[in-house]
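The values are calculated or read from the model by the stated rules, or taken from the named source; none is laboratory data. What you are looking at is a predicted structure, and each value in this text was computed from that prediction instead of being measured. Here Cβ is always computed from backbone atoms with ideal geometry, including for glycine, and neighbour counts include all displayed protein chains.
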Amino acid sequence: KAGVTQTPRYLIKTRGQQVTLSCSPISGHRSVSWYQQTPGQGLQFLFEYFSETQRNKGNFPGRFSGRQFSNSRSEMNVSTLELGDSALYLCASSLFASGITDTQYFGPGTRLTVL
Amino acid sequence: DAKTTQPTSMDCAEGRAANLPCNHSTISGNEYVYWYRQIHSQGPQYIIHGLKNNETNEMASLIITEDRKSSTLILPHATLRDTAVYYCIVRVVSGSARQLTFGSGTQLTVLP
């Protein structure tokens, strides 16, 4: 079974631009979570989507948004990019089925550099 | 989610067992212990998880103390490819706060 895929793998943008990152979950997984990893702050939770609805959100400004499609694929968008948004953005998918321990599996990440 | 405490770094000789400790003294009854690892600049890789019983899979063993306040991840025969940052995480698996809360982890270096 194919793992979580993220596109693009690398991205360079300039301040003020916006960016959209894409995540395809493992087949059959219905929940997608996004995380940001920076050297200073480590791995931080952005948001989680299930059934096209945001279920949970971390402590990030409104410039960070996301959505999920009916096929469970997800996108996240960052508007008005700042230098501090340079990071590895990670997507994780899980089954989200009740009664089981719901393990999250990560993709390889998208490395975003803001100049 | 409960806070975890891990050593900042550890070394292990290739071929020997690597034992990575984790303290989670404030863990709640409905929180599981999860272990992930991250090889430089790659996405975190799931290793193993458990609630209160010891667990073993093809990658590692997880030993949880009876009071659940600490655990140890065991890599039975460490190889150079096991060099990574290892994260111990405690989390609930249902409800709205299911996200993983990563700490600083333990940098494991396997030496030839």
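Among the residues of the stretch A:33-71, those identified as hydroxyl-bearing (Ser, Thr, Tyr) and either touching a Ser or Thr at 6+ places or on another chain (Cβ under 7 Å) or closer than 19 Å to residue A:88 by Cα (or both) are A:33, A:35, A:38, A:49, A:65.
A residue that is more than 22 Å from residue A:95 (Cα to Cα) and surrounded by fewer than 16 Cβ atoms within 10 Å (Cβ to Cβ) cannot be found anywhere in the stretch B:84-101.
Residues that are small (Gly, Ala, Ser) and within 14 Å of the chain's Cα centre (by Cα) within the stretch A:23-42 comprise A:24, A:31, A:33, listed in sequence order. Please indicate, with yes or no, whether at least one residue in the stretch B:90-112 is closer than 19 Å to residue A:103 by Cα, modelled with pLDDT under 95 and assigned to a strand (DSSP E or B). Within the stretch B:90-112, one or more residues are closer than 19 Å to residue A:103 by Cα, modelled with pLDDT under 95 and assigned to a strand (DSSP E or B). Confirm whether residue A:43 is touching a Phe, Trp or Tyr at 6+ places or on another chain (Cβ under 8 Å) and within 30 Å of residue B:32 (Cβ to Cβ). Spelling it out, residue A:43 is indeed touching a Phe, Trp or Tyr at 6+ places or on another chain (Cβ under 8 Å) and within 30 Å of residue B:32 (Cβ to Cβ). In the set (1) part of a loop (DSSP other than H, G, I, E, B); (2) more than 14 Å from chain A (Cβ to nearest Cβ), residue B:53 fails one condition alone, (2). For the stretch A:94-114, the tally of residues that are closer than 30 Å to residue A:14 by Cα and either in contact with a helix residue (DSSP H, G or I) (Cβ under 7 Å, 6 or more places away or on another chain) or at pLDDT below 95 (or both) stands at 2.
The listed residues are A:53, A:20, A:5, and the only one of them that is farther than 29 Å from residue B:105 by Cα, among the hydroxyl-bearing types (Ser, Thr, Tyr) and either buried (at least 19 other Cβ atoms within 10 Å of the Cβ) or under 12 Å from the mean Cα position of the chain (by Cα) (or both) turns out to be A:20. Entry remark, the stretch A:29-81: residues being among the polar types (S, T, N, Q) and free of Cβ contacts under 8 Å to residues at least 40 places away in the same chain number 11 in total.
Is there a residue being touching a helix residue (DSSP H, G or I) at 6+ places or on another chain (Cβ under 8 Å) and surrounded by fewer than 21 Cβ atoms within 10 Å (Cβ to Cβ) anywhere in the stretch B:13-35? There is at least one residue in the stretch B:13-35 that is touching a helix residue (DSSP H, G or I) at 6+ places or on another chain (Cβ under 8 Å) and surrounded by fewer than 21 Cβ atoms within 10 Å (Cβ to Cβ).
Checking the stated criteria, residue B:2 turns out to be within 19 Å of residue A:44 (Cα to Cα) and either at pLDDT below 95 or part of a loop (DSSP other than H, G, I, E, B) (or both).
What residue, among those in the stretch B:36-50 that are hydroxyl-bearing (Ser, Thr, Tyr) and free of Cβ contacts under 8 Å to residues at least 60 places away in the same chain, is surrounded by the fewest Cβ atoms within 10 Å (Cβ to Cβ)? Checked the stretch B:36-50; the qualifying residue surrounded by the fewest Cβ atoms within 10 Å (Cβ to Cβ) is B:41.
Just one of the listed residues (A:106, A:96, A:45, A:60) is more than 10 Å from chain B (Cβ to nearest Cβ) and either crowded, with 20+ Cβ neighbours inside 10 Å or more than 12 Å from the chain's Cα centre (by Cα) (or both), namely A:60.
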